[in-house]
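So the structure is just underneath, and the comments pick up after that.
FYI, it's all coordinate maths here, none of it is from the lab. Because the structure is a prediction, the values reported are computed rather than measured. Because the Cβ atoms are built from the backbone with ideal geometry, glycine has one as well, and the counts that use them run over all protein chains shown.
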Amino acid sequence: MTHFLDIHTTDPADLRAMLDRGRAMKTARAGRPKGASDDDQPLAGHMVALIFEKPSTRTRVSFDLGVRQMGGQTMVLSGADMQLGHGETIADTARVLSRYVDLIMIRTFEETTLLEMAEHASVPVINGLTNRTHPCQIMADVMTYEEHRGPIAGKKVVWCGDGNNVCASFLHAAGQFGFDMTFTGPPTLDPEAEFVAGARAKGVTVEIERDPAVAVQGADLVVADTWVSMHDSQTTKERRHNQLRPYQVDRALMEKAKPDALFMHCLPAHRGEEVTSEVMDGPHSVIFDEAENRLHAQKAVMRWCLGV
Ligand code: CP
Ligand code: NVA
């Protein structure tokens, strides 16, 4: 079964092939209305379940649209409305859904839910974000970087703020695509040591630098994300804001990066918190290209999973 669970567990040649295909598919339909079908219909006859146990705008819309453009059909399911949210096991849910659909995308809390779904499903499962990782986002981000600046291999990516799920998938991508990463944030919010070590083991440099002004020097790409993720307790919000305020990406910080550095944020953003509007809407920012590329990258991921 060809699941797309994480970037570090997917063959680098497959990752590269997916990005190439995503880009080719994007080019092939450039300028056409969003709802227009792709010329080939690789997902014709396929039914895709999109399960959300957390809120979503981009993941929900980009997966649904991508399936439709490729000629397939979708069922968008809220975890809370399924028996999954009322005591049915993940394993049984996976077995049942596998009788109805050809592909499952799930956004959930615990990574174990995703892994259990994949273990018991007889159709491919895609990780649409867990508390621990967000691989589809980083596929779009690598695609976006390379669209603007060419190969990401050997570049320096600086992550500012919380070493969260999106940061984790960036570290996974560093190892697989061969770019270096610097994390800058408070020690209590460091990325998981296992992910840092995993990237280093693949031969890339991962640095932890507490001073954001030092961290961004020589950066090709500066990345921020929300200070409070969906799985974080709201009771920690004030403490997190106090800890993370020094890591806000503003114009002064961006000016310390390379002159042609890009700025990324997976969105949704909290303007004036992790990043200023000046940077979000400024010349370095490619945030809406990233959002668009979720669509194109994930279409390629789905085709890879289904072998079509
Ligand atoms: N970036 C991202 O995954 O956005 P959504 O939460 O809106 O899906
Ligand atoms: N780190 C954020 C990403 C949202 C797309 C979260 O998990 O809430």
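What number of residues in segment 3-36 are more than 16 Å from the chain's Cα centre (by Cα), surrounded by fewer than 14 Cβ atoms within 10 Å (Cβ to Cβ) and part of a loop (DSSP other than H, G, I, E, B)?
Selection size over segment 3-36: 8.
If you check F109 against the conditions, is it more than 20 Å from E292 (Cα to Cα) and either among the basic types (K, R) or within 14 Å of ligand 1 (Cβ to nearest atom) (or both)? First the steps, then the outcome.
Numbers: more than 20 Å from E292 (Cα to Cα): yes; either among the basic types (K, R) or within 14 Å of ligand 1 (Cβ to nearest atom) (or both): yes.
It is true that F109 is more than 20 Å from E292 (Cα to Cα) and either among the basic types (K, R) or within 14 Å of ligand 1 (Cβ to nearest atom) (or both).
So A153 fits all but one of (1) assigned to a loop (DSSP other than H, G, I, E, B); (2) over 23 Å from E292 (Cα atoms); what number is the exception?
Exception for A153: condition (2).
So P55 fits all but one of (1) surrounded by 13 or more Cβ atoms within 10 Å (Cβ to Cβ); (2) touching a residue at least 40 places away in the same chain (Cβ under 8 Å); (3) within 16 Å of ligand 1 (Cβ to nearest atom); what number is the exception?
Evaluating P55 over (1) surrounded by 13 or more Cβ atoms within 10 Å (Cβ to Cβ); (2) touching a residue at least 40 places away in the same chain (Cβ under 8 Å); (3) within 16 Å of ligand 1 (Cβ to nearest atom) leaves (1) as the failure.
Output the number of the condition that E238 fails; it satisfies all remaining conditions of (1) at negative phi; (2) out of contact with any strand residue (DSSP E or B) (no Cβ under 8 Å at 6 or more places or on another chain); (3) surrounded by 14 or more Cβ atoms within 10 Å (Cβ to Cβ).
With respect to (1) at negative phi; (2) out of contact with any strand residue (DSSP E or B) (no Cβ under 8 Å at 6 or more places or on another chain); (3) surrounded by 14 or more Cβ atoms within 10 Å (Cβ to Cβ), E238 is out only on (3).
For segment 157-178: of the residues being more than 16 Å from R16 (Cα to Cα), under 11 Å from the mean Cα position of the chain (by Cα) and touching a residue at least 60 places away in the same chain (Cβ under 8 Å), which is nearest to ligand 1 (Cβ to nearest atom)? Spell out the reasoning first.
The first filter runs over segment 157-178 and keeps only residues more than 16 Å from R16 (Cα to Cα), leaving 157-168, 171.
Remaining after also requiring under 11 Å from the mean Cα position of the chain (by Cα): 165-168.
Narrowing further to those that are touching a residue at least 60 places away in the same chain (Cβ under 8 Å): 165-166.
On the way: N165: 10, V166: 8 Å.
The extreme case among them is V166.
Answer with yes or no whether D162 is charged (D, E, K, R), over 21 Å from P283 (Cβ atoms) and surrounded by 15 or more Cβ atoms within 10 Å (Cβ to Cβ).
On the way: charged (D, E, K, R): yes; over 21 Å from P283 (Cβ atoms): yes; surrounded by 15 or more Cβ atoms within 10 Å (Cβ to Cβ): yes.
It is true that D162 is charged (D, E, K, R), over 21 Å from P283 (Cβ atoms) and surrounded by 15 or more Cβ atoms within 10 Å (Cβ to Cβ).
Search segment 58-69 for residues being in contact (Cβ under 8 Å) with a residue 60 or more places away in the chain and more than 9 Å from ligand 2 (Cβ to nearest atom), and hand back the single one that is farthest from the chain's Cα centre (by Cα).
If we filter segment 58-69 for residues that are in contact (Cβ under 8 Å) with a residue 60 or more places away in the chain, which is where we start, we get 58-59, 62-63, 65-67, 69.
The next check asks that each one be more than 9 Å from ligand 2 (Cβ to nearest atom); those that pass are 62-63, 65-67, 69.
Working: S62: 12, F63: 13, L65: 17, G66: 16, V67: 18, Q69: 21 Å.
Taking the candidates together, the pick is Q69.
When the residues of segment 120-138 are narrowed to those that are in contact with a strand residue (DSSP E or B) (Cβ under 9 Å, 6 or more places away or on another chain) and assigned to a helix (DSSP H, G or I), which ends up farthest from ligand 1 (Cβ to nearest atom)? Steps first, answer last, please.
Initial filter on segment 120-138 (in contact with a strand residue (DSSP E or B) (Cβ under 9 Å, 6 or more places away or on another chain)): 121, 123-130, 133-136.
With assigned to a helix (DSSP H, G or I) added as a condition, the list becomes 135-136.
On the way: P135: 11, C136: 7 Å.
Ranking the qualifying residues of segment 120-138, first place goes to P135.
Step by step: first the residues of segment 250-308, then only those that are small (G, A, S) and within 16 Å of ligand 2 (Cβ to nearest atom), then the one that is farthest from C167 (Cα to Cα). Which residue is that? Step through it out loud before you land on a result.
Here is the first cut: in segment 250-308, the residues small (G, A, S) are 252, 257, 261, 269, 272, 277, 282, 285, 291, 297, 300, 307.
Among the residues that remain, those that are also within 16 Å of ligand 2 (Cβ to nearest atom) are: 269, 291, 297.
Details: A269: 15, A291: 17, A297: 18 Å.
This residue is A297.
Does any residue in segment 93-115 that is assigned to a helix (DSSP H, G or I) come within less than 7 Å, Cβ to Cβ, of a residue that is of a type in the set (D, E, K, R) six or more places away or on a different chain, and which pairs are these?
Pairs found: E111/R132.
Check L306 against each of (1) surrounded by fewer than 21 Cβ atoms within 10 Å (Cβ to Cβ); (2) in contact with a His (Cβ under 7 Å, 6 or more places away or on another chain); (3) farther than 22 Å from M70 by Cα and name the one condition it does not meet.
(3)
Among the residues of segment 186-236, what is the count of those that are more than 16 Å from ligand 2 (Cβ to nearest atom), under 24 Å from V286 (Cβ atoms) and either touching a residue at least 60 places away in the same chain (Cβ under 8 Å) or of a type outside the set (V, I, T) (or both)?
12
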